[in-house]
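For reference, the structure discussed in these notes is given below.
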Amino acid sequence: MPVPASQVPSGPLASKWDKHRFEMKLVNPANKRKFSVIVVGSGLAGSSAAASLAELGYHVDCFCYQDSPRRAHSIAAQGGINAAKNYQNDGDSVYRLFYDTIKGGDFRAREANVHRLAEVSGGIIDQCVAQGVPFAREYGGLLANRSFGGAQVSRTFYARGQTGQQLLLGAYSALSRQIGLGTVRMHTRSEMLDLVVVNGVAKGIVTRDLVTGKIESWSADAVVLGTGGYSNLYFLSTNAVGCNVTATYRAYKRGALFANPCYVQIHPTCIPVTGEHQSKLTLMSESLRNDGRIWVPKHPGDKRSPDAIPEDERDYYLERMYPSYGNLAPRDISSRAAKKVCDEGRGVGEFGRGVYLDFADATQLLGEQTIRDRYGNLFHMYEKITGENPYRVPMRIYPAVHYTMGGLWVDYNLMSNIPGLFVIGEANFSDHGANRLGASALMQGLADGYFILPYTIGHYLASSKPQRASVYDAEFKRVEGEVNERIKRLLSTRGKRTVVSFHRELGKMMWDGCGMGRNAAGLKKALESIGPLREQFWKDAIIPGDDEELNVALERAGRVADFFEFAEVLCHDALERDESCGSHFREEHQLPDGEAKRDDEKFCHVACWEFTGDGNKPTRHIEPLEFESIQLAVRSYK
Amino acid sequence: MNLTLKIWRQKNREDKGGFVSYKANDVSTDMSFLEMLDIVNEGIIERGEEPIAFDHDCREGICGMCSLVINGVPHGPDRGTTVCQLHMRRFRDGDSITIEPWRSRAFPVLRDLIVERGAFDRIIQVGGYVSINTGGAADGNALPIAKKEADLAMDAAACIGCGACVAACKNASAMLFVAAKVSQFAHLPQGQPERELRVLKMVEQMDKEGFGSCTNTFECEAVCPKEISVRVIAEMNRDYRMAIWKARCGSAPNVGVGGD
């Protein structure tokens with residue numbers, strides 16, 4: 001099965017989206033009522049899509065595993081959202097946002113998609129303001145901006161350190177309005193456990209009601225997945241504990257291509273690990289790097305307290321290595337630099353895996369009150385977790401898994417290779433290449449949901465005129481049967497080890513073998529070890545309780561079981577991509593100064609993995625990346 | 001440190017439920033409260049019993065999912081903190097800790113420490129929004145908003161919808177939650193066209209859901225993890241009175257205005 005055409009329109013880059021919007025077919029208002037759409041996930045992408053589709057007149061069923069759509073993990077995004085408004089008069093433009101994003105992704109994203117993202121970015125801010133999102137403002141009443149990594153302009157809009165929360169609550173309010181109007185049926189505490197494909201077309205999903213355990217089928221004319229990323233494969237990540245790969249992985253097993261799974265973002269500023277008991281890691285927003293300076297002692301093994309280390313014995317390594325971007329170097333580069341100085345024995349904190357993020361200079365310059373206004377809630381959060389006061393002592397931070405650029409393959413219309421299956425937000429692969437810049441995830445989630453999917457889904461419905469399947473059809477019954485079978489199998493493994501202990505071991509295996517630095521030997525070792533551990537999981541896991549009740553152990557087990565299978569796909573991808581690019585750093589391929597060395601001859605493409613049966617190695621297909629507008633270059637932030 | 005936990009166990013909505021004691025040994029002071037419960041659950045599962053069910057997700061104090069009453073206080077002893085951000089260094093070796101779910105008629109217990117908070121969503125669904133569709137919004141800077149007003153709106157908008165305010169209130173009143181949303185929009189120009197309609201509808205739905213009345217004891221503010229001020233309740237009361245008065249004079253929409 002080759003990769004379908006990307007559907008990127010012809011013509012000059014800047015007019016492709018305009019042209020495409022005109023060429024797409026429309027569904028007239030009276031006919032929209034006849035179509036129904038399933039949206040899985042209620043984060044920024046899912047909520048905004050569900051609300052916008054319902055406003056247009058479609059019938060929407062929206063599903064989330066939490067108790068309310070407002071809880072999706074988009075809510076935890078702290079720093080901000082990018083938009084090419086050029087309100088600061090500092091030289092920003094649509095083209096510059098496009099270029100920064102392509103370059104930040106190390107030239108591994110589809111040009112036309114990224115340009116479209118930059119084009120619609122301004123409209124997102126307008127939409128959110130109109131919804132009553134309380135963005136930060138200047139005294140004159142206009143919107144405030146700050147800077148983020150990988151950019152030399154200030155284009156990030158924010159609402160204190162809770163931008164994701166405020167944007168999600170905006171989308172949630174739009175969604176709630178539609179629920180109140182009866183155009184969206186909301187299904188909370190419902191987890192999608194499988195996709196139903198009839199004659200090669202996505203026709204519905206199978207869910208489990210997490211309160212009653214009831215397995216149910218839902219049929220629609222199109223299915224949209226906005227189910228987020230797979231960072232929790234690594235056990236410790238900044239994602240919510242419930243985030244999982246199940247929806248996208250199940251779609252993969254039903255034939256959807258999984259693109260670039262090895263692109264995993266490791267965020268440089270998280271609170272370091274303190275011990276085995278830890279259930280997740282907490283991010284400290286990248287916006288802190290606007291005012292904080294990152295440093296470690298110059299000499300390995302320097303155990304003095306930070307205030308006792310004089311200025312000339314400190315190494316502000318990001319400022320030294322990347323003078324033009326300094327502390328605002330992109331995430332992948334900053335993370336690797338932190339790892340490097342810690343590997344040299346210069347890390348700080350109990351386990352030596354940490355670097356300082358110091359606000360002393362900024363506090364002196366701006367005053368403590370300004371720092372409190374800008375980052376108060378982040379400082380508060382840090383103090384809660386560590387018991388240290390960051391106004392007095394520098395924060396200690398270390399990289400942690402945060403976001404996944406890889407995801408289900410989609411064309412320019414955000415449709416996967418399975419007709420009728422659309423994928424939006426972090427769940428798709430499309431816009432960030434091999435590394436995402438800060439404040440771009442919120443932008444992409446809302447761009448997909450508010451301004452792209454509502455057009456492209458109409459085109460699909462108008463041109464393919466899908467026939468609705470019945471949930472009583474044989475295929476739905478067959479998939480339901482498989483879902484039930486799998487649950488029964490999980491509950492019948494009466495072993496001795498908890499699911500969480502297996503997950504922790506899998507996560508460590510992935511962090512060691514396929515983390516910040518990767519090499520062929522380590523990846524091969526990981527690939528050899530995952531299978532046996534998975535077999536042990538199915539033999540020796542203990543999952544108490546039964547299926548017809550609220551069973552938290554069973555929920556976790558199903559998600560971990562899918563992580564076990566997906567881990568291999570990710571490692572295969574990392575092994576076969578024999579180059580370094582963005583977040584994917586193969587230690588065999590580095591420039592003399594330790595930067596990522598791309599191989600554009602061999603790897604200027606999207607890797608798309610096809611499921612070929614349990615126990616078989618998936619097949620790798622490629623979509624070549626063609627750059628019409630920009631020149632591939634070595635990414636430099638020096 | 002070693003602790004004794006008295007935890008509410010309840011099989012399902014219909015079950016009567018009761019406290020069960022558990023030992024938590026070798027608890028590290030660096031653990032969060034929920035990580036301590038994770039460890040207890042690991043032990044329970046290893047014994048083949050069913051783990052304690054509790055709601056949690058982001059574990060960084062923003063999703064609003066976690067919802068435990070610890071020694072009688074929603075979200076536990078620290079001010080401005082959700083349970084997931086409460087750390088064990090706050091407790092002492094040998095402590096006995098009582099853990100219960102939110103208790104309110106409007107929040108039925110689904111299992112153990114998990115409650116159903118759909119009532120909050122339904123209140124938002126009747127009016128907690130600005131009625132605009134996607135597209136067609138004016139430029140974000142077209143309408144300047146004074147920084148002070150934007151800040152006051154943000155203070156109110158910080159609500160995470162956890163329901164601690166209800167759990168802490170002797171009347172199980174949802175006033176702080178509803179007023180936070182009403183106040184956010186009342187401070188913004190975007191919220192003005194529907195200002196009266198919104199407060200009338202949301203208060204009506206709040207009453208329908210079975211939440212109690214406010215008697216100004218302000219326990220809600222004391223436990224709110226986002227430290228939302230009871231100022232918002234005063235603002236909502238003022239808006240509500242104004243809307244009722246206007247409705248009686250015929251200059252505001254007459255929706256569900258039951259009485260004063």
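Since only B:Gly18, B:Cys165, B:Leu200 are under comparison, the one whose Cα sits farthest along the positive direction of the charge dipole of the protein assembly as shown, derived from C-beta charges on Lys, Arg, Asp and Glu, is B:Leu200. Averaged over the residues of peptide A:383-389, the number of Cβ atoms from other protein chains lying within 10 Å of each residue's Cβ is 4.
When each of A:Ile418, B:Ile97, A:Ile457 is scored by the number of other beta-carbon atoms lying within 10 Å, the sequence from fewest to most is B:Ile97, A:Ile418, A:Ile457. Near A:Leu142: Cβ cut-off under 12 Å, other residues only, Lys/Arg at +1 and Asp/Glu at -1. The net charge is +1. Too long at a 30 Å Cα-Cα cut-off: which of B:Lys181/B:Lys246; A:Lys340/A:Lys508; A:Lys508/A:Lys617; A:Lys103/A:Lys525; A:Lys384/A:Lys525? Checking Cα-Cα distances, A:Lys103/A:Lys525; A:Lys384/A:Lys525 exceed 30 Å. Per-residue shielding of A:537-545, expressed as the average number of other chain Cβ atoms within 10 Å of the residue Cβ, stands at 2. Taken as Cα centroids, region B:106-151 and region B:181-212 sit 10 Å apart, rounded to the nearest whole angstrom. When both region A:46-68 and region A:385-405 are represented by their alpha-carbon centers, they are found 35 Å apart.
Could the peptides B:82-95, A:425-438 be put in order, highest first, of the mean number of other beta-carbon atoms found within 10 Å of their residues?
Final packing ranking: A:425-438, B:82-95.
Out of all Cα-Cα pairs in region B:170-260, roughly what percent, to the nearest whole number, are more than 18 Å apart?
43
May I ask you to order A:549-561, B:228-240 by the average number of other C-beta atoms within 10 Å around their residues, highest value first?
Per-residue mean Cβ counts within 10 Å order the peptides as A:549-561, B:228-240.
Each part reduced to its alpha carbon centroid, region A:305-364 and region A:197-234 end up 44 Å apart.
In summary, region A:143-210 shows an alpha-carbon radius of gyration equal to 1.73 times the 2.2 N^0.38 Å reference for compact globular proteins.
Using 1/(1 + (r/R0)^6) with R0 = 35 angstrom and r between the beta carbons of A:Arg21 and A:Ser324, what's the FRET efficiency to the nearest 0.05? Plugging the Cβ-Cβ distance into 1/(1 + (r/R0)^6) gives 0.40.
In terms of the Cα gyration tensor, with a ≥ b ≥ c the square roots of its eigenvalues, is chain B rounded because a/c is under 1.5, prolate because a/b exceeds b/c, or oblate?
Note, shape of chain B comes out prolate.
Between A:Arg372 and A:Gln590, the C-beta separation translates, for a Förster distance of 41 Å, into a calculated FRET efficiency of about 0.50. Kirkwood Rh and Cα-based Rg: tell me the resulting Rg over Rh for region A:493-613, rounded to two decimals. Rounded to two decimals, Rg over Rh is 1.09.
Of the residues B:Ala106, B:Met65, B:Gly76, the one whose Cα sits farthest towards the positive end of the charge dipole of region B:56-107 is B:Ala106 (charges of +1 on Lys and Arg Cβ, -1 on Asp and Glu Cβ, taken about the Cα centre). Averaged over the residues of peptide A:165-175, the number of Cβ atoms from other protein chains lying within 10 Å of each residue's Cβ is 5. The base-10 log of I(q)/I(0) for region A:210-300, evaluated at q = 0.18 Å⁻¹, reads -1.04 [Debye formula, identical scatterers on Cα atoms, solvent excluded]. When each of the peptides B:46-58, A:235-247 is scored by how many other beta carbons lie within 10 Å of its residues on average, the order from highest to lowest is A:235-247, B:46-58. Roughly what % of Cα-Cα distances in region B:78-156 sit above 20 Å, to the whole percent? That fraction is 66 percent. Quick check: net charge around B:Cys63, other residues with Cβ under 15 Å of its Cβ, Lys/Arg +1 and Asp/Glu -1? Local charge sum for B:Cys63: +2. One way to sum up the overall shape of the protein assembly as shown is the equivalent ellipsoid from its Cα gyration tensor, whose semi-axes run 36, 33, 31 Å, largest first. Charged side chains reduced to their Cβ positions (Lys and Arg at +1, Asp and Glu at -1) give region B:3-111 a dipole of some 540 debye around its Cα centre.
So what is the relative contact order of region A:63-213, in percent, for Cα pairs below 8 Å that sit 6 or more residues apart?
Working: 217 pairs, mean separation 48.6, N = 151.
Relative contact order of region A:63-213: 32 percent.
Working note: Debye formula, equal point scatterers on the alpha-carbon atoms of region B:3-111, no solvent; log10 I(q)/I(0) at q = 0.09, 0.14 Å⁻¹ is -0.22, -0.54. Between B:Ala243, B:Val182, B:Gly135, the Cα set farthest toward the positive side of the dipole of chain B (charges on each charged residue's Cβ, about the Cα centre) is that of B:Ala243.
About its Cα centre, chain A has a charge dipole of approximately 820 debye under the convention of +1 per Lys or Arg Cβ and -1 per Asp or Glu Cβ, with nothing else charged. What chymotrypsin sites (Phe, Trp or Tyr not before Pro) does region A:111-201 have in DSSP loop regions with at most 13 other beta carbons within 10 Å? Answer by residue number: A:Tyr139. Counting every other Cβ atom within 10 Å of each residue's Cβ, B:Met65, A:Met415 order from fewest to most as A:Met415, B:Met65.
Looking at region A:448-493, which trypsin sites (Lys or Arg not before Pro) are in a loop (DSSP not H, G, I, E or B) and have at most 16 other Cβ atoms within 10 Å? Those that pass, being in a loop and sparsely packed, are A:Arg468. Computed over every Cα-Cα pair of region A:269-398 and binned at 10 Å starting from 0, the pair-distance distribution P(r) comes out as 12, 46, 37, 5 percent. The helix-only estimate of mean residue ellipticity at 222 nm for chain A, built from DSSP H runs of length n ≥ 4 each weighted as -39500 (n - 2.57), is -11500 deg cm²/dmol after division by the residue total. Just need log10 I(q)/I(0) for region A:518-582 at q = 0.18 Å⁻¹, Debye formula, equal scatterers on the alpha-carbon atoms, no solvent, rounded to two decimals. For region A:518-582 at q = 0.18 Å⁻¹, log10 I(q)/I(0) is -0.73. Rounded to the nearest 20 debye, the dipole magnitude of region A:493-613 is 520 debye, with +1 charges on Lys and Arg beta carbons, -1 on Asp and Glu beta carbons, and the Cα centre as origin. Contact order for chain B, expressed relative to its length and based on alpha carbon pairs under 8 Å spaced 6+ residues apart, stands at 19 percent.
None of the figures in this text is laboratory data; all of them are computed from the coordinates on show. On a predicted model such as this, the values are computed, not experimentally measured, just so you know. A quick note on method: Cβ atoms are made from the backbone with ideal geometry, for glycine too, and the neighbour counts reach across all protein chains shown.
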